[in-house]
Amino acid sequence: MRILPFSTCPPSTRASPVLVEQRLARYYGRTMLDHKFVRDNLEAVKKNIADRYMKADADLVASLYDKRNETLTALDEQRKKRNDNAAAMKGKIEAAIREKLIAEGKALKETIAELEKGAEELEARLLEEARKIPNMAHPGAPVGKEDKDNLEVKRVGEPTKFDFQPKDHVQLGQELDIIDFDTATRVSGTKFYYLKNQGVILELALVRYALDILMKKGFTLFTTPDVAKTEILEGIGFNPRGAESNIYSIEGEGTCLIGTAEITLGGYYSGSVLDKKDLPLMLAGVSHCFRREAGAAGQFSKGLYRVHQFTKVEMFAYCLPEDSDKIHEQLRLIEEEIFSGLGIPFRVVDTCTGDLGAPAYRKWDLEAWMPGRNGGEWGEVTSTSNCTDFQARRLNVKFKDDDGKNKYVHMLNGTAMACSRGLISVIENFQQEDGTIKMPAALVPYCGFDTIRKIEKK
RNA sequence: GGAGCGGUGUCCGAGCGGUCUAAGGAGGCGGUCUUGAAAACCGCUGUGCCGAAAGGCACCGAGGGUUCGAAUCCCUCCUGCUCCGCCA
């Protein structure tokens, strides 16, 4: 069976069609919400699509699925005839009979070729349409269109008060000579940055602080590749192509710069059947994250908040379906612990249906207080999603259940520390009147200093 | 990047156009025997799709081709190992 390659893929960003086709074939038939589920739960699926303000045609998927099955059944019948025909010719038989059988075989060959062509077309169309259908949303997730419809469910600490006019991290970073945006713009472009002096140490401290917490919780630590294959990105639920894509593609390679280690950690067990007794698998990965942020220019993207490259510690879990709600809760609590431990005020938000993203069943964001952001504002610092079996289907990750059947695992991810936004939170919340930054106590052992002040030239 | 040799079931490994419904081992599960164990013997032991089921189809790295019929022949690609080149 042949798969039609991505017709929408711009030539400059794709590998040879043959290559892409071969890679996709490995995940053939898995890149979607279960067809049968769509067909059998049509109304619920349609409501879910509407709640999420997405465009997908569930009716079309259902009808294509039925048509495809009809064709496949017909095809199987013809194939059986072909096999029987070939079997009939195994031994010594009369020449006349053999001639007759060969003629029949030739006719069957043509019929089969036609049916196969039809099946391929249906399969490709079904795949294309089914790919657009998002995961079902948690019944408890707030229904709404934009981030303003998200529901605040918890607050830890209160917005930091200052006896002076606080500065933003851009100004502080430049005055302390720990972040350099201007040179990065000249060398690499806008939305890049150099960290410098204690800024370098602070970033590494944030990474190590997060890793130590995760290690204690039994996570397996990784540094992951910063590059991943297109089909892995697709499997995780990213769209690596098109003008609106947030992903950088590597020309001619069929690979992309990862936007998060969720991609490489989620791809780690792609195509595997996991041992039930090993679940849940808790992974933590350090990687660089690359995002195009096309069309995200303007004052709201000033500084480190929205950048093309940052370092992140990501958590990832593979678990049994019945455990995923519980694991999701655990991931959120770890995120809370990390930010509570730093003494940074934050709130927890239950993300609304329209803001979930296609793979997520439910998502919680932690928003830290950022005193320098528009005069003080909550800004997203972490996010944890339960993607249930959506990614597992696309990447073919299963476990062997007690009944002997292979079933899809549930996959979850969460941010432990996005360094760029972590830096903003620390720098802005811990700034002092004299322009120095007092380090949170938890970071002092990792930094080796308790205050960031400008290094004077000797 | 160049050359040579490979990729078969959980693993090892045979297979060179129809007897492959994939030999033979190993491992695993169940059973017989035994006080218990070992040994021996017998049976079972991959995945996906369609189907209520019976059953059917597909899969020998991937894709395409030749053929009435392909694990087996041809082409392309991927991947592993060895040697050479380059390199932190």
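Note the angle between two axes, namely the Cα long axis of helix A:198-216 and the longest principal axis of the Cα atoms of chain A, as a number of degrees from 0 to 90, rounded to the nearest 10. Approximately 60 degrees, to the nearest 10.
Once the convex hull of all Cα atoms in the range A:93-136 is built, its volume per residue stands at 68 Å³.
What is the angle, in °, between the Cα long axis of helix A:324-342 and the longest principal axis of the Cα atoms in chain A? Nearest 10 is fine, range 0 to 90. Around 20 degrees separate the two axes.
Only protein heavy atoms count here; under a 1.4 Å probe, A:His410 has an accessible surface of about 20 Å². Semi-axis lengths, largest first, of the ellipsoid equivalent to the range A:114-156 are 42, 9, 7 Å, with √(5λ) applied to each eigenvalue of the Cα gyration tensor.
Taking every DSSP bridge with both residues inside chain A, close to 90 percent are antiparallel. Once both labels are positioned 7 Å from their Cα atoms along Cα-to-Cβ, the gap between A:Glu456 and A:Asn239 label points is 5.6 nm. Rounded to the nearest 500, the helix-only mean residue ellipticity at 222 nm of chain A stands at -12500 deg cm²/dmol, with each DSSP H run of n ≥ 4 adding -39,500 (n - 2.57).
For the residue pairs A:Lys55/A:Lys363; A:Lys191/A:Lys454; A:Lys55/A:Lys276; A:Lys132/A:Lys407, the alpha carbons lie more than 28 Å apart in A:Lys55/A:Lys276. Here the extension length gained between A:Ala442 and A:Glu337 equals 36.6 nm, from 0.36 nm per residue of separation less the Cα-Cα distance. According to the calculation over all Cα-Cα pairs in chain A, the P(r) per 20 Å bin from zero is 22, 49, 21, 7, 2, 0 %. Once the Cα atoms of helix A:95-130 and of chain A are each reduced to a long axis, what angle between those two axes, in degrees from 0 to 90 to the nearest 10, is obtained? Helix A:95-130 sits roughly 30 degrees off the main axis of chain A. Excluding ligands, DNA and RNA, the accessible surface per residue across chain A is 48 Å² with a 1.4 Å probe.
For A:Met370, the residues whose modelled amide H falls within less than 5 Å of its own, excluding neighbours fewer than 5 places apart on the same chain, are A:Glu377, A:Trp378, A:Gly379. Element breakdown for chain A at a 1.4 angstrom probe: carbon and sulfur atoms account for 51% of the accessible area. Working from label points 7 Å from Cα in the Cα-to-Cβ sense, the A:Glu116 to A:Phe192 distance is 4.9 nm. Each peptide among A:248-255, A:160-167 gets the average number of other Cβ atoms lying within 10 Å of its residues, and from highest to lowest they stand as A:248-255, A:160-167. Legend: P(r) of the range A:282-405 from all alpha carbon pair distances, 5 Å bins from 0, whole percents, reading 2, 8, 15, 19, 22, 15, 9, 5, 3, 1, 1, 0.
Normalised by 2.2 N^0.38 Å, with N the number of residues, the alpha-carbon radius of gyration of the range A:218-307 equals 1.25. The slack in the chain from A:Ile102 to A:Phe37, taken as 0.36 nm per residue of separation less the alpha-carbon distance, amounts to 19.1 nm. A viscosity of 0.890 mPa s and a temperature of 25 °C, combined with the Kirkwood radius over C-alpha pairs in the Stokes-Einstein formula, give the range A:31-130 a diffusion coefficient of 153 µm²/s. Taking the inverse of the mean 1/r over every pair of distinct Cα atoms in the range A:127-230 gives a Kirkwood hydrodynamic radius of 19.4 Å.
Taking amide H positions as modeled 1.01 Å from N, with prolines and chain starts lacking one, the residues under 5 Å from A:His138 and 5 or more places away or on another chain are A:Arg362.
The values are calculated or read from the model by the stated rules, or taken from the named source; none is laboratory data. Given the structure is predicted, the values throughout are model-derived calculations rather than measurements. Note that we place each Cβ from the backbone using ideal geometry, even for glycine, and neighbour counts take in every protein chain shown. Note: accessible area is taken over every heavy atom of the protein model, side chains too, but ligands, DNA and RNA are not part of it. Shrake-Rupley method; radii C 1.70, N 1.55, O 1.52, S 1.80 Å.
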